[in-house]
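Take a look at the structure set out below.
Bear in mind these aren't lab numbers, they're just calculated from the coordinates by the rules spelled out. Quick caveat, the model's predicted, so the values are computed rather than measured. All Cβ positions, glycine included, derive from the backbone under ideal geometry; neighbour counts span all protein chains shown.
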Amino acid sequence: MSESASSIRYINRPHPVTGVTNAKLGIWCFLASEVMLFGALFSTYLLLRTGSASWPHGPATLNVPLATLNTLVLIFSSVTMVMSWASLATGNFRKYRLYLGLTALMGCVFLVVKGFEYGHKFEHHHFPAASTFYAIYFTLTGLHGLHVIGGIAVNLYFLFRGRVLWQRDPERLTNRIECAGLYWHFVDLVWIFLFPILYLL
Amino acid sequence: MDKNYYGWGLPVDISAHGSQIDQLIIILHLAMAALFIGWSVFLVYTLIRFRARSGHEAVHETRHFKAPTFVEVLVALFEFFLLAAFATPIWLSVRQEFPPDDKALHVRVVAQQFAWNIHYPGEDGIFGRTDPRWMGSANPLGLDGSDPAAKDDITTVNQLHVPVDTPVIVRLSSKDVIHSFTIPVMRVKQDAIPGESIPLWFEAKKTGEFEIACAQLCGIGHYRMRGFFTVDSKEKFGEWLKAEAPQ
Amino acid sequence: MSGHADPGLPFWRKYIFSTDHKVIGVQYAVTGLLFLLFGFGLATLIRWQLAYPGQPLPLIGGWFAESQMLGGIMLPEFYYQLGAMHGTIMVFLGVVPLAVGGFGNFVLPLQIGAPDMAFPKLNLMSYWLYFIGGVIMFASFFVPGGAAQSGWTSYPPLSVIASDGQTWWLIGMAFLINSSLLGSVNFIVTIVQLRADGLSFGRLPFFVWAQFVTAFLLLLAFPPLEAAAVLQLMDRLAHTSFFMPSGLVINDAVVNISGGGNAVLWQHLFWFLAHPEVYVLVLPAMGIVAEVIACNTRKPLYSYKGLVLSAVFIGFMSFIVWAHHMFLTNMGTVMSTFFQVTTMIISIPSVVILTVLVLSLWGGAIRFNTPMLFAIAFLPMFGMGGLTGLPLGLAASDIHLHDTYYVIGHFHYVVAPGTIFALFAGIYHWFPKVTGRRMSETLGKIHFVPSFILMNCIFFPMLMQGLAGVLRRMYDPLQYAHAQAAQPLNVFASAAAWLLALAQIPFILNFFGSLFWGRKTGENPWEATTLEWAAPSPPPHGNFLEAPHVYRGPYEYSPPQAKSGFWPQHVKDPR
């Protein structure tokens, strides 16, 4: 793309000094703020737990096998996310769609499993108001779930708009998938922290 | 209530520890005034001397000043001097170095929207058991009537009486929202936080009638959460306790 | 203002849902100014109740609903709504949107020689999230029970048991936080990636540095408040107990919740944002003042390096001072000493910045135009605000001064005659760039002089009241004997506040009048050196006719090489 005085630079080409494109720097900044968001919530968890007289044992109250399954699902989806980006980078658009579709599908599987877990808790009248443990459990996993939904929406957009974007500017689409991937890995990573502190400890 | 206690400056101080706080405030303000005035004079002088006018031109090369660096280092040292010589020792003595238990009067103060519940242990020196379940308008502190230690306990609403020249240890808590227990003339201010019991202590040096205020927004009636703080002579305080004791 | 946006677009894409940073900047600035006016209006109502408690409000008392004013007499519910919303609106809807959203958006890309922000669509979204947040805050006055009334700090448990307005407040804050987050990502990427060729970090105008540090503060300090807002919403709507300890008894009834929460947790999360937020309010103001002073003294700043290092240092330190707002929440000596030390340390770079700005005047040829007057007035006023922070930052003196009018006087000195004066300086300074027309100097001076005097008449008495122990957030100041003694000060400050409102009329006339009748001006009316003055006034879509190249630092005024008396950053040879 030509760069006249009025076009924004470093959309496709990395900045010679920073070595990244605008979008990549942007997504890293955004993820830094997300770290602070979940960091504050994890601190809340720590403070409430250390300040409480009794705290339920994770495996006794929550469904560890289902959560393990969910952990595997998310890790698998991270792999397919990388594969979809790698496919684009090597110019294989068909494989890209396959892998991106799989990623979105895995995201949905995660949510469905999570939905079963929630439903099971509600059946036993374990609502957020039941105790600070359930309050933090529902808040943390709920907020994480919202992030998963956001990620699925982004992936579906690139799945269905992919062909148009690919034909218009393949390099740009590749960069955008990389950024979407960074976000997806972050959401995955948050779960990797949530799983042990809520279910295992 | 005697209005002579109060004016446009610091209110009168009748506490044992307050003079230290006042001293710090006064030293700080003198230093602040000196800095501000000196600095303003320099500013005004600069503005007049270097105003744009015909025949006067700005200089490109900036002169390097040594004095400001010197003043800055001085100010920084002064700040740390205040911290080490005043702020930390005062805080330590007010918040942590409590008088021995047997020499002090013990009182519980339980804040609620919008009143101060005062709880004296009575003759046995033991506070009766309290429980939120018993709390009601007739029993605002939730005293458990079945507890023998509660039988002689004295409770008042908004009336804190203390003897002069005696350390008082207050255990402060709140039933509902965050309040802040303030006695301006005693230089006492401490948040009352629900779920916590916070100790504080003070010693009154003069008798008289003063006021307790709430310093933390606690609801619609925050502004009228006013209590009365009476410092009596030791004899008068003893008489008051007797009169208030349950029959 | 014509010609800002892409000329090929329909009206609504050009001026309403525009992606052009200049249009968005103007939208931010105008919305922010309106909210400032509205928030100031709330304050003038507060001042009536403080000066004449319980007396019916004359003239306009009948305009209010019966749930707000009964027969013209203000109800406590409404008083506490005014207090909470005045704070919220001034900080989150007025000053920050004007300083960061307005000046940042308009000036910053121009100063770094960029055609636009890095993510124009994100920029559009930031503004509209802010707008929606503002509408929610405004609308909350009309819900049953009125707007939030637990103070702008919204301490639980009070805020959790408050009326529906608090839920609106939290949702409004969520919109504002997300707007700021997107904006700060945009600013950081724009500054890092889109600087013109030759514009290294060491050549950035100080204003850009200030915005850069500010963007990091917003990016990293706001998320914990967002987390806190989510938790408080859960407490209010799902009846969880994050901030609700066990055994609460409200109105003689045990509250039916699980308990086990921590009321002070909110304060930690809130102040973790709200202290950096102070620097979000102040740093852009310092940036504006530095630009205006350099330009109007006609000489370089005293120590550019000192300014930049101090700003960056402040940015780091501002994350570890928050608990000096919480000395009275049962804090031990170790914790309180730590936060006192960090507080004393953070005062040093602020002093350095102020000193550099004052020494920059030395040796200049000072032009006393309206922007310069406001910029100079910023210096002593901010100095006053900074100095009065000392007794509050030391825990021992804070025992007496905490939650008194001393606090109110202190932070208003920082923000009102401090930051807001700097923002006025910025408006007068960049108005010609935005519109291609100058504002009237005469009206500007008529605006400045009374504003400067009256600001001090309002806030200095508050410091005296604070020393006398008068507590803040009192619906009826006459309840306490110690407050009655200081009541004449309230009457005086209130009169000054109402006069200050009148003193803004010349500004409003000047602002709108100059749009139509202001003297037309060229691209560089102030003979300034930074890049924004290289673009036409007003700048067209894409800003620069050709991409600028930068050859030197930002403040080459009166260099010996240039006969014209200034050497712009983008001009290769001196003229």
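Against the main long axis of the alpha-carbon atoms of chain C, helix C:487-503 sits at an angle near 40°.
Roughly how far apart, in whole Å, are the Cα centres of segment C:8-71 and segment C:424-492? Value for the Cα centre distance between the two parts: 18 Å. For segment A:22-200, the Cβ-based charge dipole about the Cα centre amounts to some 520 debye (Lys, Arg positive; Asp, Glu negative; other atoms uncharged). The Cα center of segment A:109-174 and the Cα center of segment B:158-193 differ in position by 50 Å.
Grab the DSSP H runs of chain C that are 4 residues or longer, score each as -39,500 (n - 2.57), total them, divide by all residues and round the 222 nm result to the nearest 500 deg cm²/dmol. If you can, show how the numbers build up before the last one.
Values: 18 runs with 321 residues, N = 575.
Rounded to the nearest 500, the figure is -19000 deg cm²/dmol.
In deg cm²/dmol and to the nearest 500, what is the mean residue ellipticity at 222 nm of chain A if only DSSP H runs of at least 4 residues count, each as -39500 (n - 2.57), divided by the residue total?
Details: 6 runs with 153 residues, N = 201.
It comes out at -27000 deg cm²/dmol, rounded to the nearest 500.
Once you keep just the Cα pairs under 8 angstrom separated by 6 or more residues, what percentage relative contact order results for chain C? Contact order relative to length: 16 percent. When the protein assembly as shown is described by a simple charge dipole with +1 on each Lys and Arg Cβ and -1 on each Asp and Glu Cβ, the residue from B:Ile126, C:Met335, A:Ser52 located farthest towards its positive end is C:Met335.
How far is helix A:64-89 tilted, in degrees, relative to the longest principal axis of the Cα atoms in chain A, given as a value from 0 to 90 rounded to the nearest 10? With both axes taken from Cα atoms, the answer is about 0 degrees. The modelled label-to-label distance between B:Lys242 and B:Gln159, using points 7 Å beyond Cα along the C-beta direction, is 1.6 nm. Taking Cα atoms only, the orientation of helix B:67-82 departs from the longest principal axis of chain B by about 10 degrees. Based on Cα contacts under 8 Å between residues 6+ apart, chain B shows a relative contact order of 21 percent.
The calculated FRET efficiency for A:Val64 paired with C:Ala238, based on their beta-carbon distance and R0 = 25 Å, is about 0.50.
Roughly speaking, what is the stretch gain from A:Thr50 to A:Val17, that is 0.36 nm per residue apart minus the C-alpha to C-alpha distance, in nm to one decimal?
Details: separation 33, 0.36 × 33 = 11.88 nm, distance 4.58 nm.
Between A:Thr50 and A:Val17, full extension yields 7.3 nm more.
What the Cβ-Cβ distance of C:Leu515 and A:Val112 gives, at R0 = 56 Å and to the nearest 0.05, is a FRET efficiency of 0.45.
Could you tell me the center-to-center distance, by alpha carbons, between segment C:533-557 and segment B:1-39 in angstrom? Their Cα centres are 53 Å away from one another.
Along the axis of the charge dipole computed for the protein assembly as shown (Cβ charges of +1 for Lys and Arg, -1 for Asp and Glu, origin at the Cα centre), the listed residues C:Leu354, B:Gly38, C:Ala468 are led at the positive end by C:Leu354.
Rounded to the nearest 0.05, what FRET efficiency do A:Ser7 and A:Val82 give with R0 = 30 Å and r taken as the Cβ-Cβ distance? Could you check?
Values: r = 31 Å, r/R0 = 1.04.
The formula returns an efficiency of 0.45 here.
Between B:Leu28, B:Val177, B:Thr62, the Cα set farthest toward the positive side of the dipole of chain B (charges on each charged residue's Cβ, about the Cα centre) is that of B:Thr62.
Springs join every pair of Cα atoms under 10 Å in this Gaussian network model of chain A, and among A:Phe38, A:Phe110, A:Phe158 the largest mean-square fluctuation is at A:Phe38.
With contacts taken as Cα pairs under 8 Å and at least 6 residues apart, segment B:102-244 reaches a relative contact order of 26 percent. Where both bridge residues fall in segment B:102-244, DSSP classifies roughly 70% of the beta bridges as antiparallel. A Gaussian network model of chain B, with springs between Cα atoms under 10 Å, assigns the largest mean-square fluctuation among B:Glu211, B:Glu72, B:Glu97 to B:Glu72.
How charged is the neighbourhood of B:Phe114? Take every other residue with its Cβ under 15 Å from the Cβ of B:Phe114, and add Lys/Arg as +1 and Asp/Glu as -1.
Working: positive: B:Lys175, B:Arg224, B:Arg226, C:Arg473; negative: B:Asp176, B:Glu211, C:Glu77, C:Asp252, C:Asp476.
Neighbourhood net charge equals -1.
Place a label point 7 angstrom from the Cα of B:Arg224 along the Cα-to-Cβ direction, then list the residues of segment C:20-54 whose backbone nitrogen is under 15 Å away. The answer is C:53-54, whose backbone nitrogens lie closer than 15 Å to the label point. Projected label points at B:Ser197 and A:Ile149, each 7 Å from Cα along the beta carbon direction, are separated by 4.5 nanometres.
Here the dipole of the protein assembly as shown is about 3640 debye; that uses its Cα centre as origin and unit charges on the Cβ of Lys and Arg (positive) and Asp and Glu (negative).
Where only DSSP H runs of four or more residues are counted, chain B gives -9000 deg cm²/dmol as its mean residue ellipticity at 222 nm, each run worth -39500 (n - 2.57). Charge tally for B:Asp152 (other residues, Cβ to Cβ under 12 Å; Lys, Arg +1; Asp, Glu -1): -3.
For chain C, the orientation-averaged shadow of the C-alpha convex hull comes to 26.2 nm² (one quarter of the hull surface).
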